[in-house]
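In what follows, a single structure is set out as structure tokens and then discussed.
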Amino acid sequence: MTSLAVANPGSLIQSVDWVAIAPPLIAAVAALAVLLTDLFLPERHKKWLGRLTAAGLALALIALLPLTGGSPRATFCAQNVAGGSDNGGCSYVADHFALVFQLLALGGALIAALLSAHTVETEKLPRGEYWFLLLSSATGAVLLPASRDLATMVIALEVASLPAFALVALRRDGRGAEAAFKFFVSSVTATAVMLLGVGFVYAASGSLHLGAVAQGLEHAPGQLRPLAEAGAVLTLVGFAFKVAAVPFHFWVPDTYTGAPLPVAGYLSVVGKAAGLSGLALATTIAFRPYAHTWGLVLAVLAAVTMTAGNVGALRQRFDTRYSAVRLLAWSSVGQAGYLLVPLAAAGYAPTGVDPLGATAAYALIYGVVNLGAFGVVAAVGHRAGTSVDDFRGLFARNRWTALALAFFLLCLAGLPPGVIGLFGKVVVFRAAVDAGLGWLAVVMAVNVVVALYYYLLWTARLFAPAQDAPLGETAAGHRLPVSLTATLGLTASAAVVLSVAPQLVLQVAGGSLF
């Protein structure tokens with residue numbers, strides 16, 4: 001009879017590094033606290049749930065500080081797993097890469113929470129459910145960048161996605177349910193394909209830890225190579241969906257217009273950051289043996305995505321309802337193409353060169369200015385029914401709001417005084433050139449010029465002759481709600497500071513993230 005006893009049982013017991021896992025843990029505990037508090041709090045005091053949410057996210061952000069110095073911290077490690085890099089057998093690693101994307105996820109969620117306070121009140125959304133779902137989704141988005149095995153990555157991706165479906169559906173005007181259904185069906189399909197790919201990868205490599213997967217694929221028998229290649233492609237589908245890369249982008253315009261505005265902004269930044277981090281981890285660590293294959297695929301995907309996004313934005317009529325949000329939605333698809341460029345370059349970069357810093361830097365810049373733009377749309381119309389033409393003459397009615405939106409749009413376009421947007425595009429462009437992807441750099445340059453048209457056209461409307469204020473807009477002389485003022489002040493200040501001192505974020509592009 002075979003004995004199942006272990007020679008050294010103590011070797012199976014490991015201590016958990018609570019400091020390393022503090023950011024997602026605090027967000028998860030805050031979600032449970034909101035859910036329980038909602039049960040006992042009187043209706044008249046439930047506005048405190050939003051403040052508790054913001055406090056939880058701020059505390060999770062502070063928990064990143066102890067992790068910034070020294071070497072990466074890892075936990076949940078399997079001692080019998082041999083990875084291709086340090087901490088290769090660990091399921092959670094708080095390294096530079098994880099911290100950058102966790103900062104983006106938590107910061108984006110905090111800004112979305114500030115933006116949500118007014119929306120929850122005016123649209124009479126269920127407070128407890130809204131804040132619980134937002135914190136739950138943020139927990140998954142924070143967990144994903146630190147995940148180092150495919151199982152944890154899939155779980156984190158679903159934790160980030162499932163609450164987002166419900167958030168979209170919370171609007172009770174008929175559009176929310178339709179938008180959530182499209183979002184749900186597309187996401188479930190992508191997840192099913194992804195799980196099939198993970199199964200193929202596990203069969204070919206014999207492991208789920210990213211470093212060990214790379215070693216297993218590199219030494220896989222010849223008869224398993226087609227299975228491994230198919231698994232790698234299918235695994236990337238789920239992450240491509242979250243990034244909104246073509247052809248997995250069709251849900252974006254309808255979902256953004258049907259969702260509450262803060263949720264649309266949250267999906268455009270935090271959801272995209274989660275998918276981007278998963279895509280970067282899977283390609284650069286697990287599928288490194290197939291670097292030239294996925295490098296070419298991502299290069300083509302980046303070119304098609306940025307082109308489709310900008311063409312969709314160009315076709316958007318400015319006088320139609322929801323056109324402001326739909327324009328931002330198509331813009332986010334185009335921006336996703338730019339974000340994919342350094343990932344594609346990573347497949348061609350020589351050993352020791354890490355272009356992923358360009359993606360991280362650009363994602364941080366994009367997150368600040370895009371959430372700021374959604375904040376202005378919320379301030380002008382309070383609802384997703386705002387058209388671009390409703391912004392005509394905004395400078396005459398509310399000059400500071402108009403100046404903020406103009407600055408955000410110029411940052412997205414990459415034009416002065418939005419210097420940080422210009423520097424971000426230069427960093428991404430340089431990553432493509434340094435990797436020998438000159439044709440992709442040309443496609444990106446053409447798309448940047450094309451995007452100038454609709455960004456500048458929207459900016460020009462802000463300073464055009466004034467017209468009657470749209471229904472529900474805060475008129476000149478009336479103060480914006482405190483939550484909207486805080487959102488615009490925070491994002492505008494961050495964008496201005498980064499334009500004056502771009503090195504604060506561009507230094508991320510200067511070194512290796514792993």
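Is it true that ARG430 is in a helix (DSSP H, G or I), farther than 22 Å from LEU314 by Cβ and either out of contact with any helix residue (DSSP H, G or I) (no Cβ under 7 Å at 6 or more places or on another chain) or open to solvent by 10 Å² or more (accessible area, probe 1.4 Å) (or both)? Against the criterion (in a helix (DSSP H, G or I), farther than 22 Å from LEU314 by Cβ and either out of contact with any helix residue (DSSP H, G or I) (no Cβ under 7 Å at 6 or more places or on another chain) or open to solvent by 10 Å² or more (accessible area, probe 1.4 Å) (or both)), ARG430 qualifies. Checked against the criterion of being modelled with pLDDT of 85 or more, hydrophobic (A, V, I, L, M, F, W, C) and open to solvent by less than 20 Å² (accessible area, probe 1.4 Å), segment 496-509 has no qualifying residue. Considering segment 56-85, and only residues there that are at pLDDT below 80 and aliphatic (A, V, I, L, M), the residue that is most open to solvent (accessible area, probe 1.4 Å) turns out to be ALA82.
Kindly check whether there is at least one residue in segment 2-24 that is within 21 Å of PHE132 (Cβ to Cβ), among the aliphatic types (A, V, I, L, M) and either buried (at least 18 other Cβ atoms within 10 Å of the Cβ) or at pLDDT below 80 (or both). Looking through segment 2-24, at least one residue is within 21 Å of PHE132 (Cβ to Cβ), among the aliphatic types (A, V, I, L, M) and either buried (at least 18 other Cβ atoms within 10 Å of the Cβ) or at pLDDT below 80 (or both). For segment 311-326, the condition of being open to solvent by less than 10 Å² (accessible area, probe 1.4 Å) and part of a loop (DSSP other than H, G, I, E, B) holds for none of the residues.
I'd like the residue in segment 342-394 that is under 23 Å from the mean Cα position of the chain (by Cα) and at pLDDT below 80 and, out of all such residues, is surrounded by the fewest Cβ atoms within 10 Å (Cβ to Cβ). Spell out how you get there, then give the answer.
First pass over segment 342-394, keeping only residues under 23 Å from the mean Cα position of the chain (by Cα): 342-347, 354-379, 383-384.
Checking which are at pLDDT below 80 leaves us with 354-355, 383-384.
Values: ASP354: 19, PRO355: 25, ARG383: 21, ALA384: 27.
Among those that are under 23 Å from the mean Cα position of the chain (by Cα) and at pLDDT below 80, it is ASP354.
If you go through segment 241-256 and keep only what is assigned to a helix (DSSP H, G or I), open to solvent by 10 Å² or more (accessible area, probe 1.4 Å) and not basic (Lys, Arg), you end up with TRP251, ASP254. As for segment 171-192, it holds at least one residue that is crowded, with 17+ Cβ neighbours inside 10 Å, within 24 Å of SER91 (Cα to Cα) and at pLDDT 85 or above. Counting only residues that are assigned to a helix (DSSP H, G or I) and open to solvent by 10 Å² or more (accessible area, probe 1.4 Å), segment 132-159 holds 11 of them. The set of residues from segment 434-455 being of a type in the set (A, V, I, L, M), modelled with pLDDT of 90 or more and under 25 Å from the mean Cα position of the chain (by Cα) comprises LEU440, ALA441, VAL443, MET444, ALA445, VAL446, VAL448, VAL449, VAL450, ALA451, LEU452.
Taking the criterion of being under 12 Å from LEU170 (Cα atoms) and assigned to a helix (DSSP H, G or I), the residues of segment 111-127 that qualify are THR119, VAL120, ARG127. Scanning segment 117-131 for residues that are of a type outside the set (Ser, Thr, Tyr) and either under 15 Å from the mean Cα position of the chain (by Cα) or open to solvent by 20 Å² or more (accessible area, probe 1.4 Å) (or both) gives ALA117, HIS118, GLU121, GLU123, LYS124, PRO126, ARG127, GLU129.
Taking first residues from segment 250-273 that are among the polar types (S, T, N, Q) and partners that are open to solvent by 10 Å² or more (accessible area, probe 1.4 Å) and part of a loop (DSSP other than H, G, I, E, B), the Cβ contacts under 7 Å between residues at least 6 apart in sequence or on separate chains come to THR257/TYR322. Considering segment 478-495, and only residues there that are within 12 Å of LEU114 (Cβ to Cβ) and of a type in the set (S, T, N, Q), the residue that is most open to solvent (accessible area, probe 1.4 Å) turns out to be THR485.
Of the residues TRP330, TRP294, the single one that is crowded, with 20+ Cβ neighbours inside 10 Å, at negative phi, in a helix (DSSP H, G or I) and modelled with pLDDT under 90 is TRP294. Name the residue, out of ALA264, ALA228, ALA308, that is open to solvent by 10 Å² or more (accessible area, probe 1.4 Å), touching a helix residue (DSSP H, G or I) at 6+ places or on another chain (Cβ under 9 Å), at pLDDT 85 or above and in a helix (DSSP H, G or I). Residue meeting the stated conditions: ALA308. Which ones in segment 27-53 are among the hydrophobic types (A, V, I, L, M, F, W, C) and open to solvent by less than 40 Å² (accessible area, probe 1.4 Å)? If the condition is that a residue be among the hydrophobic types (A, V, I, L, M, F, W, C) and open to solvent by less than 40 Å² (accessible area, probe 1.4 Å), then ALA27, ALA28, ALA30, ALA31, ALA33, VAL34, LEU49 are the ones that fit. ALA138 passes every criterion in (1) over 15 Å from the mean Cα position of the chain (by Cα); (2) on the phi < 0 side of the Ramachandran plot apart from (1). Quick check: anything in segment 283-291 of a type outside the set (A, V, I, L, M), part of a loop (DSSP other than H, G, I, E, B), closer than 27 Å to LEU162 by Cβ and open to solvent by less than 10 Å² (accessible area, probe 1.4 Å)? Within segment 283-291, one or more residues are of a type outside the set (A, V, I, L, M), part of a loop (DSSP other than H, G, I, E, B), closer than 27 Å to LEU162 by Cβ and open to solvent by less than 10 Å² (accessible area, probe 1.4 Å).
The values are calculated or read from the model by the stated rules, or taken from the named source; none is laboratory data. Given the structure is predicted, the values throughout are model-derived calculations rather than measurements. Positions of Cβ are backbone-derived with ideal geometry, glycine not excepted, and every protein chain shown enters the neighbour counts. Calculation scope for accessible area: heavy atoms of the full protein, side chains included, ligands and nucleic acids excluded. Shrake-Rupley method; radii C 1.70, N 1.55, O 1.52, S 1.80 Å.
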